[in-house]
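Engineer: Please find one structure pasted underneath; my questions will follow.
The values are calculated or read from the model by the stated rules, or taken from the named source; none is laboratory data. Because the structure is predicted, anything quoted here is derived from the model rather than measured. Here the Cβ is made from the backbone with ideal geometry for all residues, glycine too, and neighbour counts use every protein chain on show. In case anyone asks, the SASA skips ligands and DNA or RNA and just uses the protein heavy atoms, side chains included. Shrake-Rupley method; radii C 1.70, N 1.55, O 1.52, S 1.80 Å.
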Amino acid sequence: MTKRKTSRRKASANASEPGLSLTDRAYSHLEEMIVTLKLPPGSAVSETALSQRLGIGRTPIREALHRLARERLVTILPRRGIIVSEINIKSQLRLLEVRREVERLVAKSAARRATPEERKRFLELARRFERSAKSNDDVSFMRVDREFNEFSVMAARNEFAAGAMSLMHSLSRRFWYIHYKQAADMPLTAKLHADIARSIGAGNEAAAGKAMDKLIDTVAKFTRDALVADI
């Protein structure tokens with residue numbers, strides 16, 4: 001397995017995009033901090049501490065935490081505090097059953113419905129995935145992956161699929177980040193994402209669906225391998 005290289009950029013780098021609301025910025029910061037284990041599973045957090053750490057007001061922090069709770073990344077305990085959710089590998093395998101069907105639908109729909117400008121962006125995302133594979137930069141890959149997920153949902157133009165996807169991606173990304181050193185090949189994972197993005201950019205529904213199935217097959221194997229490694 002190739003040696004992991006971790007980006008030294010601050011977790012907030014991708015949260016400074018212009019046009020984001022304070023709540024969106026708070027969510028972007030916190031989601032990445034949870035996914036990349038800066039806020040590890042089982043840790044207790046508070047609105048006040050997070051507000052001071054990120055330099056964002058408590059109201060946007062609170063709204064972001066409620067969104068993260070809907071995505072099962074944190075658990076809010078009334079009058080007791082906020083806990084970063086633990087990870088369950090068997091739950092991840094059940095999650096993959098749903099991801100396979102929904103993400104195949106999203107990829108094929110995006111390939112069919114994306115505008116010419118959106119197709120160009122998918123091709124650029126494919127190139128960025130390939131760069132992260134070449135440099136073996138896990139944090140860069142995670143950031144491109146989130147952008148790709150959000151853009152795919154938008155291009156698919158299916159609000160019901162979008163709702164399902166929003167509940168799955170962060171949990172999946174965190175699980176991958178925690179266990180990939182044990183059982184996954186980060187450059188391969190990035191290249192498989194590039195294949196999907198390139199197929200969508202080319203408007204090839206069948207290729208997009210097949211590329212997505214190949215990715216989920218790889219992730220499922222990695223998840224089972226991680227389960228064995230934890231036994």
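Engineer: Amide H of V74 versus every other amide H placed in the peptide plane: which residues, excluding those fewer than 5 positions away on the same chain, fall under 5 Å?
Structural biologist: Here the answer is A69, S85, since their amide H atoms fall under 5 Å of that of V74.
Engineer: What is the diffusion coefficient of the chain in µm²/s, taking the Kirkwood radius over Cα pairs and the Stokes-Einstein relation at 4 °C with a viscosity of 1.567 mPa s? Show your work: numbers first, answer last.
Structural biologist: Working: Rh = 18.1 Å.
The estimated diffusion coefficient comes to 71 µm²/s.
Engineer: Give me the percent of the accessible area of the chain that comes from carbon and sulfur atoms, probe 1.4 Å, all protein chains in place.
Structural biologist: Carbon-and-sulfur percentage of accessible area, whole number: 53.
Engineer: Once you put a point 7 Å from the Cα of A220 and another 7 Å from the Cα of V98, both along the Cβ direction, what distance in nm separates them?
Structural biologist: Calculated label separation equals 1.7 nm.
Engineer: Highest GNM mean-square fluctuation, the chain, Cα pairs closer than 10 Å: which of K90, K134, K108?
Structural biologist: Among K90, K134, K108, the largest GNM mean-square fluctuation belongs to K90.
Engineer: When a/c reaches 1.5 or more, the comparison of a/b and b/c decides; with that in mind, is region 129-177 rounded, prolate or oblate per its Cα gyration tensor?
Structural biologist: Oblate, because a/c is 1.5 or more while a/b does not exceed b/c.
Engineer: Same structure, new question: In Å, what is the Rg of the alpha-carbon atoms in region 131-231, and how long is Dmax?
Structural biologist: In order Rg, Dmax, the Cα atoms of region 131-231 give 13.8, 43 Å.
Engineer: Is it possible to state the helix-based mean residue ellipticity at 222 nm for the chain, with each DSSP H run of 4+ residues giving -39500 (n - 2.57), the sum divided by total residues, to the nearest 500 deg cm²/dmol? What is it?
Structural biologist: So the helix-based figure for the chain works out to -23500 deg cm²/dmol.
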